[in-house]
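*Asks:* Structure provided below as structure tokens; questions to follow.
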Amino acid sequence: MYYFYFDASALVKRYTVEIGSDKVDFLFANVPLNRLVCLNFGAAEVFWICVRKRNDRRINFHEFTQATGHLNREVIADDSDLTTLPAHKLLVCESMNLIETYAINSVDAIVLRSALDLATYLRNVGDELVLVASDQRLLRAARAEGLLCFNPETDSQQALTARLNTS
């Protein structure tokens, strides 16, 4: 069974229209929410992206309100079924070597360390993790670490469908 771990560059595609939004929407429509994962502060990053888009007028106030309300219901709310993982102190400390190794920013390093830890756990119980991201540096680092990856901006719908059909 596949689990899908979103970084903010991919998760925001659920709430504002971007290249790859259709593939992210496909995942949300076809995978149980409890098998979709993000870091708890990933929701704050998505909110920040929505604010930035509103402020530079890529989205209007109505679209902003709709996007952030949807984000709140689907990810932030206590009764959401989407899996949010904490960024605890040990995770932050263990991510620092990834910054140096791959020249990625601190948030991407924390996302990658968290995804690697979850992937190890899932493999031990017979499941797989796919990192869903559009950030090229994060994707390169994740692939170098052996993670399965999906870029909704460039990877095909067929590749995604094939993965879901083997779940």
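*Asks:* Need the full-extension length gain, His88 to Arg123, defined as separation in residues times 0.36 nm minus the C-alpha distance. One decimal, nm.
*Replies:* 10.4 nm
*Asks:* Hey, with R₀ at 35 Å, roughly what FRET efficiency would Glu100 and His62 work out to, going by the Cβ-Cβ distance, to 0.05?
*Replies:* Working from the Cβ atoms, E equals 0.20.
*Asks:* So what's the convex hull volume per residue for the Cα atoms of region 13-103, in Å³? Don't jump to the answer; show the numbers that get you there.
*Replies:* Details: hull volume 12.1 nm³, N = 91.
That works out to 133 Å³ per residue.
*Asks:* Further, regarding this structure: Could you tally the net charge around Ser21, taking each other residue with its Cβ under 10 Å from the Cβ of Ser21, Lys/Arg +1 and Asp/Glu -1?
*Replies:* Local net charge: -1.
*Asks:* Would you mind counting up the charge near Ala8? Only other residues with Cβ under 15 Å from its Cβ, with Lys and Arg at +1 and Asp and Glu at -1. Write out the running numbers ahead of the final one.
*Replies:* Numbers: positive: Lys13, Arg14, Arg52, Lys53, Arg137; negative: Asp7, Glu18, Glu45, Glu74, Asp108, Asp135, Glu153.
It works out to a net charge of -2.
*Asks:* Moving on to the next point. Between region 72-136 and region 144-167, what's the alpha-carbon centroid distance in Å?
*Replies:* 17
*Asks:* On to the next question. For the chain, what does the equivalent ellipsoid look like in terms of its semi-axes, each the square root of 5 times an eigenvalue of the Cα gyration tensor, given largest first in whole Å? Can you show the working numbers first?
*Replies:* Working: eigenvalues 112, 73, 49 Å².
For the chain, the ellipsoid semi-axes come out as 24, 19, 16 Å.
*Asks:* Helix-only estimate, please: 222 nm mean residue ellipticity of the chain, summing -39500 (n - 2.57) across DSSP H runs of length 4 or more and dividing by its residues, to the nearest 500.
*Replies:* -17000 deg cm²/dmol
*Asks:* Under a point-charge model restricted to the Cβ atoms of Lys and Arg (+1) and Asp and Glu (-1), what is the dipole moment magnitude of region 5-104 relative to its Cα centre, in debye to the nearest 20?
*Replies:* About 300 debye.
*Asks:* Once a ≥ b ≥ c are taken as the square roots of the eigenvalues of the Cα gyration tensor of region 109-167, is the result rounded (a/c under 1.5), prolate (a/b larger than b/c) or oblate (a/b not larger than b/c)? Could you put the intermediate results ahead of the total?
*Replies:* Values: a/c = 2.58, a/b = 1.06, b/c = 2.43.
It is oblate, given that a/c is not under 1.5 and a/b is not larger than b/c.
*Asks:* Using modelled backbone amide H atoms (1.01 Å from N, in-plane), which distant-in-sequence or interchain residues come within less than 5 Å of Leu85's amide H?
*Replies:* Cys38, Leu39, Asn40
Taken together, the values in this text are just the output of simple stated rules run on the coordinates, not laboratory data. In this text, all values refer to a predicted model and were calculated from it rather than measured experimentally. Quick reminder, even Gly has a Cβ in these numbers, built from the backbone with ideal geometry, and neighbours come from all protein chains shown.
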